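Colleague: Take a look at this one; I'll ask things after.
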Amino acid sequence: MKVHLVGKNIELTDAMKDYLSCKINKKFQRLNPTAQLRVSLCVEKKRHIAHAVFKTNGVVLYADDETADLYKSVNSVLNKLAKNLLNMYPHIFKFTKMQLV
């Protein structure tokens, strides 16, 4: 899976990149290698906003969250995306033999 991390008004440190990649690998470890995930983190005053866009097999899933803590926002957005993916699983992977365990 291709992962693209973007920071807006924030510099993504190595620790943040490692944290994100660890969380993403845990949540989405058995997905199609051609799938794409774009995670965008933004800080505005005291609001920490996380957006995630997942693209695969012509389907686009979107999740976002806004909290006072950046790590909470990241966890919440990845949980929402994983939940949406499980709900849409039969429609997304209808014509592939891959299984999500």
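Quick note: the coordinates plus some simple rules give every number you see, no bench work behind them. Please read all numbers here as calculations on a predicted model, not as lab measurements. Note that we place each Cβ from the backbone using ideal geometry, even for glycine, and neighbour counts take in every protein chain shown.
Colleague: Of all chymotrypsin sites (Phe, Trp or Tyr not before Pro) in the stretch 1-96, which ones are in loop regions per DSSP and have a Cβ with at most 12 other Cβ atoms within 10 Å?
Modeller: 95
Colleague: Below 29 Å, Cα to Cα, which lysines can residue 8 reach? Residues fewer than 8 away in the same chain don't count.
Modeller: List returned: 17, 23, 26, 27, 45, 46, 55, 72, 80, 83.
Colleague: Projecting each Cα onto the charge dipole of the chain (Lys/Arg +1, Asp/Glu -1 at the beta carbon, about the Cα centre), which of 16, 68, 78 comes out farthest on the positive side?
Modeller: In the chain, that residue is 78.
Colleague: Right, next: State the antiparallel share, in %, of DSSP beta bridges confined to the stretch 1-87, rounding to the nearest 5.
Modeller: In the stretch 1-87, approximately 70 percent of DSSP beta bridges are antiparallel ones.
Colleague: While we're on this one: Which of (1) 7.2; (2) 12.7; (3) 6.1 is the computed mean projected area of the Cα convex hull in nm² for the structure on display?
Modeller: Matching entry in (1) 7.2; (2) 12.7; (3) 6.1: (3).
Colleague: Simple spin-label model, 7 Å along Cα-to-Cβ: residue 47 to residue 59 in nm?
Modeller: 3.0 nm
Colleague: Find, among the trypsin sites (Lys or Arg not before Pro) in the stretch 9-98, those assigned to loop by DSSP (not H, G, I, E, B) with at most 12 other beta-carbon atoms within 10 angstrom.
Modeller: 30, 45, 46, 94, 97
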